[in-house]
Amino acid sequence: MKTASRILGSAFFMAGYEVQDAPRYGAERRGAPLFAYVRADRSPVNERGIISHPDLVVVSDDTLVGMPAAGVLQGIDQHTVLLINSHEQAETWSERLNSAAKIIILPAREDVEDRAELPYIGSSCAAASAALCGVISWQMFADALSEELSHLGDDVVRQNLEMALTAFDAMLPYAGIVQQTGLPSAAEYQKPDWVELPFEAAAISAPAIHAGATSVKVRTGLWRTMRPIIDYQRCSGCWWVCSTYCPDGAINVTAEGLPEIDYDHCKGCLVCVAQCPPQAIESIPEHVAKQRESSAVDISGGSHDT
Amino acid sequence: MTRKLLTGNSAAAWGARLARVEYTPAFPITPQTEIIEDLSLWIDRGEMDALMVTLESEHSMITAAGAAASSGVRVFTATSSQGLLYGMEMIYTVAGWRAPFVMVNVSRGLSSPITLESDHSDIMAARDSGFLQIHCATCQEITDSVLLAYRLAEHKDVRLPAIVNQDGFYLSFTREPVDLPDAEKAAAFVGEFDPENMQFKSGAPLSQAMAVLGGGPYSYFRYEVHLALQRVLSVYDEIADEFADVFGRRYDIIDNYQMDDAEYVFVMMGSFATKAHDAVDSLRQAGWKVGLARVRVFRPFPQEKIRQLLTGRRAVAVIDQNISMGMGGVLHSELATALYGLKDAPAVLASYIGGLGGRDVSQQEFFEMIDELKQACDNGETLPPRLLYTQNELTEIRNLQAIAQAEHAEIKQAEINKAESKKK
């Protein structure tokens, strides 16, 4: 999304707009929700920070819409255009969200199952946004994309351009639907709902959280998008290299001196893959591993307790 | 000149590159790391002729910076927040060495609790060290201020290290259009670093030491740092004029907007000032005589300029994105010190604390501050300090506390159950 914001920002800039684009990072891990924003205006952009009342909201992963912590729906009203990359219809989303926003669907690709692996989604979203704003030509957008992705090589640029053009063309019927709104006016504004912070004793006001031993229970393995798999035919049984390098202590050593990956807590950083001296650890996409698991269960027919 | 979109971090790295720095000791910390990443990429590609060394801590990094500067090398480094505090012993020490170099600080709130977002409490902790402090509001200003900072720091009347401060996220990760100064012109503007009598060459080894001294000599050296820092105020204009002549952009010690006839004034530092800029426009449209004074050079503190600027105004809202625990906003106290006893000092000097940990300040809040100032003036009252904080934010913290208390109760209950099962 950071790249998407940069492509869109550069496209506006090339079209003669003053621009501000920025990502917001929260938790630093693969697959964590991330957002970015772009402001564009004919005059210099002085406003800063998260856009409180966006004219356009683009959602690349529709599972985030219903997640309150992701804040996708914050500050949207009837003037907002909400573009969702989804398999579902706009009407379905309108009903589900009971929102006055103008909802437009960027059709999600049929072949994509894993939300951590959405190829070209940044370019597609940026292109769709450019088309919806209606002030950026395809050529200008293509130039911006090529500039932002040039360090990745010609092939990557070409593939991204191809996907972006599909998204751009799909949105052309709605070109110009996004309307620029101004900042609140001092002549008439809603007063901030300021409160006085009361004094509270340290028992309440110290920022300490006490909870049970959660680190074992929290299955951080759910964050994994790539899964390391040990090939025991090749494992030399040194036992210590992978288990020592694992930053999460998620590789245990059995009584026989063999390493065993705790998939409930392995986050898929793949440090073990890089470190294993006989290269006995390979990595495969998590969704492929899951498919293999479920078919293995089907074949063995009830090998697991139900 | 090339106008391009750059983040605050890239703008800082460009400043160092254009100043032709020779040495960059480095240590990573969010949200500053990209500065070092840009520099290392350029050095690796041979686009920048400098040596980068990654140190094991900010304490060592600042020591290395001071040591290299003391040997006549042009040095650049960068840090943020906890990193600045980790190096704090050396921040004071290298200023005492009179070692001139430039460090960019990317402001981020301090622990505890932890945050990654902008807040000036980190840079305020370096307030009394002897470093110059320049606070930026835009990405453009970061590149330009790094160039200006070398001129000020290396000036023979000053010769002190300088911090160029930018706000985390609001500038560090935000791309804005930046006019990149022409490399030749920038190099000519910054000039060669003349270390004068600081001499150290590996080919001609020398000892250099700082003596341990009693009160009399100690006072002399410390007060000389103070006087040298104040000299910045008298050499500043000439350097800023030269910069304006070459690059067409003028930076004053205090950046004034709509101040000529302003009755009500916002005084603040950092990138939130561009938001206040918009608020001033809107308030003016609604008929208010409002202005904005952004303190750009905070150390040395431009006391005389503040006096000239603010006497005769009706009321001032000081917005501090920092808090001195047990006292309040730092800029507010300093303005009160500057204005004390002046006949025409503003009747109301209100303190607002806003933007801690990256907490945004809305346009409506700027409008409301001016409304409060007017009410206070009309009623002949003073205003108590205010933390910008809304009912929604209080509700949010109440929800978090409820979760924490539920967790706590669960643990307590588990302990009771365990004790009872033991009895049985």
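Derivation of every value follows stated rules applied to the coordinates shown; laboratory data play no part. Predicted model only: the values in this text are computed from it and were never measured. All Cβ positions, glycine included, derive from the backbone under ideal geometry; neighbour counts span all protein chains shown.
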For A:Ala36, residues with placed amide H under 5 Å, excluding near neighbours: A:Arg24
Partner chain coverage, peptide B:382-389 - average Cβ within 10 angstrom: 2
Between helix A:121-133 and chain A: long-axis angle, C-alpha atoms, 0 to 90°, nearest 10: 10 degrees
Beta bridge orientation in chain B: antiparallel %, DSSP, nearest 5: 25 percent
Estimated [θ] at 222 nm from DSSP helical runs (n ≥ 4, -39500 (n - 2.57)) normalised by residues in the protein assembly as shown, nearest 500: -12500 deg cm²/dmol
Förster-model FRET efficiency, 35 Å R0, B:Ser202 and B:Glu238, C-beta, rounded to 0.05: 0.50
Taking A:Glu148, B:Glu242, A:Glu47 and counting other C-beta atoms within 10 Å, the order from fewest to most: B:Glu242, A:Glu47, A:Glu148
Using θ = phi - 60° and Karplus 6.51 cos²θ - 1.76 cosθ + 1.60, couplings along the range A:203-209 (whole Hz; Gly, Pro as x): 4, 9, 8, 6, x, 9, 10
Candidates B:Lys343, B:Lys374, B:Lys156: whichever shows maximal mean-square fluctuation once chain B is modelled as a Gaussian network with Cα springs under 10 Å: B:Lys343
Point-to-point label distance, A:Lys290-B:His408, nm (Cα→Cβ direction, 7 Å offset): 3.8 nm
Net dipole in debye of the range A:135-229 [+1 Lys, Arg Cβ; -1 Asp, Glu Cβ; about Cα centre; nearest 20]: 720 debye
Folded to 0 to 90 degrees: helix A:138-149 orientation relative to chain A principal axis, Cα: 40 degrees
Ranked A:Glu196, A:Glu18, criterion: other C-beta atoms within 10 Å, fewest first: A:Glu196, A:Glu18
Integer Hz, Karplus 6.51/-1.76/1.60 couplings in order for the range A:190-199, x for Gly and Pro: 7, 5, x, 8, 5, 10, 7, 6, x, 5
Within a Gaussian network of chain B (alpha carbon springs, distance under 10 Å), most fluctuating of B:Ala409, B:Ala240, B:Ala350: B:Ala409
For the range B:358-424, with +1 on Lys and Arg beta carbons and -1 on Asp and Glu, the positive-most of B:Ile403, B:Gln364, B:Ile416 along the dipole: B:Ile416
The range B:1-77: equivalent-ellipsoid semi-axes (sqrt of 5 x gyration tensor eigenvalues, Cα, Å): 21, 15, 11
Local electrostatic count at A:His210 - Lys and Arg +1, Asp and Glu -1, tallied over other residues with Cβ under 11 Å: -1
Cys with no candidate disulfide partner in the protein assembly as shown (beta-carbon separation under 4.7 Å rule): A:Cys125, A:Cys133, A:Cys235, A:Cys238, A:Cys246, A:Cys266, A:Cys269, A:Cys276, B:Cys136, B:Cys139, B:Cys377
For the range A:66-146, with +1 on Lys and Arg beta carbons and -1 on Asp and Glu, the positive-most of A:Ile84, A:Ile105, A:Ile136 along the dipole: A:Ile136
Magnitude of the charge dipole, the protein assembly as shown, Cβ model with Lys/Arg +1 and Asp/Glu -1, debye to 20: 1380 debye
Label-to-label distance, nm, for residues given as B:Ala211 and B:Thr311 (7 Å Cα→Cβ offset): 4.3 nm
Beta bridges by DSSP in the protein assembly as shown, antiparallel share as percent, to the nearest 5: 40 percent
Electrostatic dipole magnitude of chain A [Cβ: Lys, Arg +1; Asp, Glu -1; Cα centre; debye, to 20]: 440 debye
Environment charge at B:Tyr86 (Cβ cut-off 12 Å; Lys +1, Arg +1, Asp -1, Glu -1): -4
Vicinal HN-Hα couplings computed from phi for the range A:85-99 (Karplus, 6.51 cos²θ - 1.76 cosθ + 1.60; Hz; Gly/Pro x): 7, 8, 7, 8, 8, 4, 4, 4, 5, 4, 5, 4, 8, 6, 10
5 angstrom amide H check on B:Asn165, placed H, neighbours 5+ away: B:Asn105, B:Ile134, B:His135, B:Cys136
Among A:240-248, A:127-135, the order from most to least packed when residues are scored by Cβ within 10 Å on average: A:127-135, A:240-248
Net charge contributed by nearby residues that have their C-beta within less than 15 Å of B:Leu41 (K/R +1, D/E -1): -4
Peptide A:19-25 - average C-beta neighbours from other chains (10 Å radius): 6
Förster-model FRET efficiency, 60 Å R0, B:Asp261 and A:Ser94, C-beta, rounded to 0.05: 0.70
Amide H partners (placed H, <5 Å) of A:Ile104, local residues excluded: A:Leu82, A:Leu83, A:Ile84
Packing-based ranking, highest mean first, of B:162-174, B:310-322 given that Cβ atoms within 10 Å are counted: B:162-174, B:310-322
Contact order relative to length of chain B, as percent, for alpha carbon pairs under 8 angstrom and 6 or more apart: 15 percent
Chain A: most fluctuating residue of A:Leu64, A:Leu183, A:Leu118 per GNM, C-alpha cutoff 10 Å: A:Leu183
FRET efficiency, B:Lys4 to B:Asp378 (Cβ-Cβ, R0 41 Å, nearest 0.05): 0.25
Likely footprinting exposure, B:Ser111, B:Ser80, A:Ser52, fewest C-beta neighbours within 10 Å first: B:Ser111, A:Ser52, B:Ser80
Those lysines that a straight Cα-Cα span of less than 30 Å connects to B:Lys374, excepting residues fewer than 8 apart in one chain: A:Lys191, B:Lys275, B:Lys289, B:Lys305, B:Lys343
Between 0 and 90°, nearest 10: helix A:286-300 axis offset from chain A longest Cα axis: 50 degrees
Counting DSSP beta bridges with both ends in the range B:314-403, the antiparallel % (nearest 5): 10 percent
